Structure formats: structure tokens, C-alpha cells
Amino acid sequence: MKQIVLIILVMIFNQAIFCQNIFTSYNNERVAITKNAMIVLGAWGTANAVTGAVGLSSSHGEAKYFHQMNLIWGVTNLAIALPTYLSLKGKAKDLSLSETVKAQSGIEKTFFLNMGLDLVYIAAGAYCVEKGNNDSKHDLYKGYGKSLFLQGGGLLIFDVTMSLININHGKKLYKLLNSLQFSGNSAAIFWKL
């Protein structure tokens, strides 16, 4: 009898470790995806900051305002990407099932929200360009508008791509969740071969 109880306890312990390893591996992948996204956003920010600063120092009129706004966007994107990347270094990856689902849902919602903001930036850019046609601050509105349009478009491409990547990654989690079965006093994972 003691041997049977011991075997059952070992099986339960192994199952718990196996499940925890699955979630740890999954969370490691999610964090790696987010780190790579911040590298891309940081590179976009750096490119805009550098070209914006160079362009600002050597241009006039509409181009001056275009580069000025690109410089601002570049610094802003770097201010988002760098702290986010650094915060992921110590990010807990051994999350529970509910924490894993919450983290996955949160990253997906973040990129969906950002896509909405990107559309606002594009619309604001179009508005500024149009306003520049009939305003005494023609160069300012046109330059800022074209920059907003460019930045919104670039960020929209980034956010759509990251949404698709995260949704695809989330399918692994949801497939695993669909394989879980609970009864009144037990849980099991079933894989279809």
C-alpha cells in the first residue's frame, strides 16, 4: 500500500513540475518576443532621433518641422523601448496558469490599443497637412502633419506585426488550455497525437 501511495505522489509531483515547465517555457518565449519588439522599437526610435537631429540642423521651412517632429517621436519611442526592455530582464517567467493567461491577454490588448492610437496619429497627420493648406503656419502644419503620418504608419505596421506574432504565440497557450480537463477532485492534460 505504501508503494502505491508513493508512486501516486511521485506521479502528481512529476505532473506538477511538467506543467510548471510548460508555462515557464511559454513565458520565456513571450518575454523574448517582447524584448525583440523593444529592440525593433528602439531601433526605429534611434533612426528617427538621429535623422531628425541631422535634418533639423540642416533644413528650413516645412522640412525643419518634419525633422523636428521626427526627433521628438524618436526620443519618445526610445523612452518607451529602453525602460521596457530593461524591465524584462528580471521579469518573472515561472508564472502560474492564471498569471500566464493574464500576461498573454495583457500583451495582446496592449498592441490592439496601440493600433487604435496609430490610426489617431495618421488621422491627426492628415488633418495637419490639410490645415497647412489654408493657414499662415503652413510649414509648421505640413511638416508636423507629414511626420505624424509617417510615424503613425510606421507604428501601425509595427503594432499589427506584433499583434499577429503575439496572437500566434497565444494559440499555443490556448491549445494547452483546451487540453486541460478538470473533474471534481483531479486535473489532467491530454495530448492528441
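The values are calculated or read from the model by the stated rules, or taken from the named source; none is laboratory data. Since the model is a prediction, treat every value here as computed from it, not as a measurement. Cβ: placed from backbone, ideal geometry, glycine included. Neighbour counts: every protein chain shown.
Residues are listed down the side, and each one gets a yes or a no for (1) over 26 Å from the mean Cα position of the chain (by Cα); (2) in a helix (DSSP H, G or I); (3) surrounded by fewer than 15 Cβ atoms within 10 Å (Cβ to Cβ); (4) of a type in the set (A, V, I, L, M):
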residue: E99; (1), (2), (3), (4): no, yes, yes, no
residue: G106; (1), (2), (3), (4): no, yes, yes, no
residue: D118; (1), (2), (3), (4): no, yes, no, no
residue: Y141; (1), (2), (3), (4): yes, yes, no, no
residue: L150; (1), (2), (3), (4): no, yes, no, yes
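Between a residue in the stretch 75-98 that is under 10 Å from K35 (Cβ atoms) and any residue that is of a type in the set (D, E, K, R), which pairs come within a Cβ distance under 9 Å, given they are 6 or more apart or on different chains?
Partner pairs satisfying both residue conditions: T84/K35; Y85/K35; L88/K35; K89/K35.
Output the residues belonging to the stretch 99-116 that are under 19 Å from M38 (Cβ atoms) and without any contact (Cβ under 8 Å) to a residue 12 or more places away in the chain.
G106, K109, T110, L113
Scan the stretch 52-74 for residues that are over 19 Å from G153 (Cβ atoms) and part of a helix (DSSP H, G or I) and jot them down. I'd like the intermediate steps shown before the answer.
Narrowing the stretch 52-74 to residues over 19 Å from G153 (Cβ atoms): 53-54, 56-61, 64.
Once the filter is applied, which keeps residues that are over 19 Å from G153 (Cβ atoms) and part of a helix (DSSP H, G or I), the stretch 52-74 yields A53, V54, L56, S57, S58, G61, K64.
So, G154, is that one small (G, A, S), at pLDDT below 90 and either surrounded by fewer than 19 Cβ atoms within 10 Å (Cβ to Cβ) or part of a helix (DSSP H, G or I) (or both) or not?
Details: small (G, A, S): yes; at pLDDT below 90: no; either surrounded by fewer than 19 Cβ atoms within 10 Å (Cβ to Cβ) or part of a helix (DSSP H, G or I) (or both): yes.
The answer is no for G154.
Okay, residues lined up against (1) surrounded by fewer than 20 Cβ atoms within 10 Å (Cβ to Cβ); (2) more than 29 Å from N166 (Cβ to Cβ):
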| residue | (1), (2) |
| --- | --- |
| N27 | no, no |
| N36 | yes, no |
| I39 | yes, no |
| G42 | yes, no |
| G45 | no, no |
| S58 | yes, yes |
| A63 | yes, yes |
| W73 | no, no |
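Can you tell me which condition L78 does not meet? The list is (1) exposed (fewer than 14 other Cβ atoms within 10 Å of the Cβ); (2) modelled with pLDDT of 95 or more, and all the others hold.
(1)
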